[in-house]
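Following: one structure in structure tokens, then a few remarks.
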Amino acid sequence: MGLFIDGKATAELKAYKYSGSDLSLTYKYILSPLAQKFAMILYQTLDNMDGKQARRTGSSSPLGMLFDHGCDALNSPLGSINWCVAMSINHSTPLIIFWTLAASAIPFYISTWEEYYTGSLVLPIINGPSEGLILGASLSVISFVHGPQVWHSYSFWDRVSPLFPPPAASHIESAASYLASWLNPLSTPTNFKGLCNYELLITLAALCAIQEMVLKSISVVHKYGFRPLLNLFPFASLCVASLIVGSNLPGVLEANLRSCMALFGLVFVDAVTALMLAHMTGKELNKLRVIQMPAYLLVGQILLGNLQDGEQASLSILLYLSAAATFTLFRFTVIIAEITECLGIWCFDITTPRNESVTY
């Protein structure tokens, strides 16, 4: 009887078969053919190759799926950090930082949540693993060629705004002014010049993520009722806690921006991999995550006025990050050990039978 894999989970795990599809035209006509023919040393191509290779060699397993999608989950916040670096987005725009993280995390979690009920992971025509990675790489290339200041200019807005139809132009500019002041504390209606390029890009990414969340939620609720919405709690609570901490502790965000984003990433990885493991083992998701307990404590202290912006708050975040990293490493070590024992396989070894002794 393991910590994560019990008797019922063992039976479910042995019977588990991955099912999924990618409707992206980019994947179908460009990335998939490349994955079949050329071993390009690029994350995107390799990410499309690993599953094909495992199925071709007969070595696919639930552990491989957890590794693959778990690494993708970890790459999601890392990719968001890369977006911020490429566009030179800093601590002065906490909502932009949040939506940069959420724009990739929302579709990932909602797709995994949908798979938990439908049994199949279906990626839409435009999705993160295909078009999202291309966009992320393009940001870095554009910043390399033109400098990150290009994202802080209003070049796109200046070209598009004159095309607004006169009856709607004032309403569009008014809505854009409100959006800019909401996203950027430095922007006010009196100094509004339009939405800069990075604000437009992050807004578009956030709207796409929200659209996917709404459509998939409606689909699942239509088939399974409202109860599945409860399994959105771990991710929803992470988002709410992040907004509260970021808006109330701006000094902490300024001093530890990457640490805060990394902490968001670790908690996100825990939530989404827990959903994957529950799906593979046929178990109910544990909605109260151990790794999120310090976040609830931090939020409570902030709302009660017991935790102020400053060194103590920064230390709390750094200690939380260290504890989260340690807990994540321990959790995955135990999960891998239990799955390999359950399935009678080795980790990173597909040739040596489990029942044979191995000399290292």
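Which whole number in µm²/s is D for the stretch 267-325 by Stokes-Einstein, with the Kirkwood Rh taken over Cα pairs at 10 °C and 1.306 mPa s?
Values: Rh = 13.0 Å.
Result for D is 122 µm²/s.
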Table column - 3J(HN,Hα) (Hz), the stretch 113-121, Karplus curve with 6.51, -1.76, 1.60, x for Gly and Pro = 5, 4, 4, 4, 9, 8, x, 9, 8
task = Pop out the Kirkwood hydrodynamic radius of the stretch 84-220 from its pairwise C-alpha distances, inverse of mean 1/r, in Å to one decimal.
result = 16.5 Å
message = In whole Hz and in residue order, list the ³J(HN,Hα) couplings for the stretch 239-252 that follow from phi through the Karplus curve 6.51 cos²θ - 1.76 cosθ + 1.60, θ = phi - 60°; x for Gly and Pro.
response = 5, 5, 4, 5, 5, 5, 5, x, 7, 9, 10, x, x, 5
Diffusion coefficient, µm² s⁻¹, Stokes-Einstein with Kirkwood Rh over alpha-carbon pairs of the stretch 133-188 at 37 °C and 0.692 mPa s = 246 µm²/s
message = What whole-number distance in Å separates the alpha-carbon centres of the stretch 191-246 and the stretch 307-354?
response = 27 Å
inquiry  = Could you compute the net charge surrounding Ser104? Neighbours are other residues with a C-beta less than 13 Å from the C-beta of Ser104; K and R count +1, D and E count -1.
reply    = -3
request  = Search the structure for amide H atoms under 5 Å from the amide H of Cys196, placed 1.01 Å from N in the peptide plane, and list their residues when 5 or more places away or on another chain.
outcome  = none
task = Calculate the dipole size of the stretch 196-295 relative to its Cα centre from +1 charges on Lys and Arg beta carbons and -1 charges on Asp and Glu beta carbons; express the result in debye to the nearest 20.
result = 380 debye
ask   = By how many nm would the segment from Val141 to Leu319 lengthen if fully extended, with 0.36 nm per residue of separation less the alpha-carbon distance?
value = 60.5 nm
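On average, how much area does the Cα convex hull of the stretch 95-144 cover when viewed from any direction, in nm²?
Numbers: hull surface 16.3 nm².
So the Cα hull casts an average projection of 4.1 nm².
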ask   = All other residues with a Cβ under 13 Å from the Cβ of Glu173 taken together, and with Lys, Arg as +1 and Asp, Glu as -1, what is their net charge?
value = 0
query = Can you pull the percent of the stretch 183-332's accessible area that's carbon plus sulfur, 1.4 Å probe, other chains left in place?
reply = 69 percent
Derived scalar couplings ³J(HN,Hα) [the stretch 188-201; Karplus, 6.51 cos²θ - 1.76 cosθ + 1.60; whole Hz; x for Gly, Pro] = 10, x, 6, 10, 5, 10, x, 8, 6, 4, 6, 5, 5, 5
query = So what are the three principal axis dimensions of the stretch 168-251 from its Cα atoms, in whole Å, longest to shortest?
reply = 48, 39, 18
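Would you please report the Å³ per residue occupied by the convex hull of the alpha carbon atoms in the stretch 157-199? Could the numbers behind the result be given before it?
Numbers: hull volume 2.7 nm³, N = 43.
With only Cα atoms used, the stretch 157-199 gives 63 Å³ per residue.
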remark   = So for R0 = 30 Å, FRET eff. of Ser181-Leu303 from the Cβ-Cβ r, to 0.05, ends up at 0.75
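Suppose every Lys and Arg Cβ carries +1 and every Asp and Glu Cβ carries -1, with no other charges. What dipole size does the stretch 244-360 come out with about its Cα centre, to the nearest 20 debye? Before the final figure, lay out each step's value.
Details: 6 positive and 9 negative charges, 39 e Å.
Around 180 debye, computed over the stretch 244-360.
The values are calculated or read from the model by the stated rules, or taken from the named source; none is laboratory data. Bear in mind the structure is a predicted one, so any value in this text is a computation, not a measurement. Note that each Cβ is placed from the backbone with ideal geometry, even for glycine, and that neighbours are counted across all protein chains shown. These area figures cover heavy atoms from the full protein model, side chains too; ligands, DNA and RNA do not enter into them. Shrake-Rupley method; radii C 1.70, N 1.55, O 1.52, S 1.80 Å.
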